[in-house]
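We did not get these values from a lab; they are worked out from the coordinates using the rules stated. Quick caveat: nothing in here was measured; it's all calculated off a predicted structure. All Cβ positions, glycine included, derive from the backbone under ideal geometry; neighbour counts span all protein chains shown.
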Amino acid sequence: MQRHGRRPLAFWLLASFFALFVLFLYGPTITIVILSFQGPSGGLTFPMNGVSVHWFRNLFEKQMVGDFAGSFQRSMILGVATMLVTVVVSFSAGLAFRKRFRGSTAIFYLAIASLIVPSILISLGIGLLYRVLGLDPAWYSSAFGAHLTWTLPFGLLIMFAVFNRFDRRYEEAARDLGATSWQTIRHVVVPILLPSLIGVGLFGFTLSYDEFARSLYTSGTFNTLPLEIYGMTTNVTTPVLYALGTVTTGFSFAVIALALVSNLIIRRRRARFGSDAGKAA
């Protein structure tokens, strides 16, 4: 019978660190979820004063303070638009940067430089630029550009790594069979890279949907959802604020689950029927 020795000290240190990480990551979220089910006379802290969904119903009624429906709609539109542009530009840049051209290194570092600059400074700078130009900042223009300075560098880094591992023999085989460049991209490259494109899209959407700092000075008159939640923290004194947090957190997890399920379906389909590459729609 094989005997297992005692686990080393390093294991327990790493396990303790991971436990603290999980506690700090999910502890506040779990607390907010629990408090969002307070009874009608419940407050913002423990102990619970009954259990109900009263504050969730109250959330979708007309509020004296805050515009949950409007801010949620704006964040959704902004997130989807940012996601689409991030996927298209990152994919196109990944294709372009496979061939060396003059200035490619400088363009690459300029593209990712916004990751180094503090988000609040980018937001402030874009807001000031719009005012200097005599334009009014708005969530669909200046905030949209500010969000792209956050999502595009990540999308570029991901797609560059993906294309570095991409086997070009698939493209060469398609061209040998008479496919044009567009047909090769559409029927070979895109199907193979589809899981990665879904990942970039998910990344772009969640970064935009949850972004606060880059929206602070660029959203204009109408708030996005993170700004609306922040504003409500100074005015709302009921658990409806926790209900809002629970709903938005649930929505974020639903989006992540949808992306994971999509990738799982694609992988199972490939395992069962083979790759979709080369198959016309």
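Orientation-averaged projection of the stretch 1-133 equals 19.3 nm² [convex hull of Cα atoms, one quarter of hull surface area]. Listing Leu115, Leu216 from fewest to most neighbouring C-beta atoms within 10 Å gives Leu115, Leu216. Across the stretch 115-129, coupling constants 3J(HN,Hα) worked out from phi with the 6.51/-1.76/1.60 Karplus curve, θ = phi - 60°, read 6, 7, 6, x, 4, 5, 6, 5, 4, 5, x, 5, x, 5, 4 Hz, and Gly and Pro carry x. Modelled this way, with points 7 Å down the Cα-to-C-beta line, the labels at Asp210 and Gln183 are 4.4 nm from one another.
Counting neighbouring Cβ atoms within 10 Å and putting the fewest first, the residues Trp12, Trp139 line up as Trp12, Trp139.
Relative to the current alpha-carbon distance between Leu121 and Ala69, full extension at 0.36 nm per residue lengthens the span by 15.9 nm. Note on Phe253 and Arg175: their simple-model spin labels are 4.8 nm apart, each label 7 Å out from Cα toward Cβ.
For the stretch 227-264, which chymotrypsin sites (Phe, Trp or Tyr not before Pro) are in a loop by DSSP, counting at most 11 other Cβ atoms within 10 Å? Within the stretch 227-264, no chymotrypsin sites (Phe, Trp or Tyr not before Pro) qualify (loop, at most 11 other Cβ atoms within 10 Å).
A Förster distance of 25 Å, applied to the separation of the beta-carbon atoms of Asn164 and Ser262, puts the FRET efficiency at 0.55. Taking other C-beta atoms within 10 angstrom as a stand-in for reagent exposure, Leu197, Leu260 fall in the order Leu260, Leu197, fewest first.
Dividing the mean sequence gap of close Cα pairs (under 8 Å, 6+ apart) by how many residues the chain holds gives a relative contact order of 30 percent.
Couplings 3J(HN,Hα) for the stretch 94-105, derived from phi with the Karplus relation 6.51 cos²θ - 1.76 cosθ + 1.60 (θ = phi - 60°), are x, 5, 5, 7, 6, 10, 5, 9, 5, x, 5, 5 Hz, where x marks Gly and Pro. In this structure the amide hydrogen of Gln38, modeled in the peptide plane, comes within under 5 Å of the amide hydrogens of Ser52, none closer than 5 places in sequence on its chain. Rg over Rh for the stretch 66-273 works out to 1.05, both radii taken from alpha-carbon positions and Rh defined as the Kirkwood radius.
One Cα centroid belongs to the stretch 142-198, the other to the stretch 16-58; the line between them spans 42 Å. Place a label point 7 angstrom from the Cα of Arg131 along the Cα-to-Cβ direction, then list the residues of the stretch 194-217 whose backbone nitrogen is under 13 Å away. Counting backbone N atoms under 13 Å from the label point, the list is 217.
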